[in-house]
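Asker: Submitted below is the structure of interest, expressed as structure tokens.
Here, each number is a calculation from the coordinates, and none is a lab measurement. The structure presented is a predicted model; accordingly, all values stated were derived computationally and were not measured. Reconstructed Cβ throughout: ideal geometry from the backbone, glycine too, with neighbour counts over all protein chains shown.
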Amino acid sequence: MYGLEAISYHNGWAISIVGILIVFTGLVTLSMVIRIFPKIIAIIEENGKTKPHQKQIKSDNQEQKKVVPVIDDQNKEAVRQYQYLISWMGEPFSLPRLIELAEKRGLVRPYSTVSQLIQSSVIQPDGKGFFLWHPE
């Protein structure tokens, strides 16, 4: 006996259906565990912490004080280097191009340094997508 007749005689159809159901059930269970696992980890990590909806919400009339970094003696060298790059590029200048040039020149932490210069208003936007250099 060969082929479909042998499969039917030895309950092959039933065995294949049971196998398919076992595999499908295993995959569904695995997907549910993967979906629930991050939530379980979050519950374990938040044990004892306040939930975001329990925190006090500040009213709109309370203004948060903005901390403006001050250019100190350590950062003056960085200001000088960036001023040189900007004078070489010309004003108005593109911020991504400035960061790219700073990385090529090997300046330390160009993203954070440019961010500090923007926060301290040394670099200011011109309103057209470019930036201008305004030293202290």
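Asker: Give me the net charge of GLU103's neighbourhood, meaning all other residues with Cβ under 12 Å from the Cβ of GLU103; Lys, Arg count +1, Asp, Glu -1.
Answerer: +3
Asker: Between ILE123 and residues 5 or more places away or on another chain, which pairs have amide H atoms under 5 Å apart, with H built 1.01 Å from N, and which residues are they?
Answerer: HN-HN under 5 Å from ILE123: ILE118, HIS134.
Asker: Per 0.36 nm of contour for each residue apart, how much would the distance between GLN81 and ILE36 grow if the chain were fully extended, relative to their Cα-Cα spacing? Mind showing how you got there, number by number?
Answerer: Numbers: separation 45, 0.36 × 45 = 16.20 nm, distance 5.11 nm.
Extra length available between GLN81 and ILE36 comes to 11.1 nm.
Asker: Can you give the charge dipole size of the stretch 73-133 about its Cα centre, rounded to the nearest 20 debye, using +1 on the beta carbon of Lys and Arg and -1 on the beta carbon of Asp and Glu?
Answerer: For this selection, approximately 100 debye.
Asker: Give the share of C-alpha pairs in each 10 angstrom bin for the stretch 73-133, from 0 to the last occupied bin, in whole percents, shortest bins first.
Answerer: All Cα pairs, binned at 10 Å, distribute as 23, 63, 14, 0 percent.
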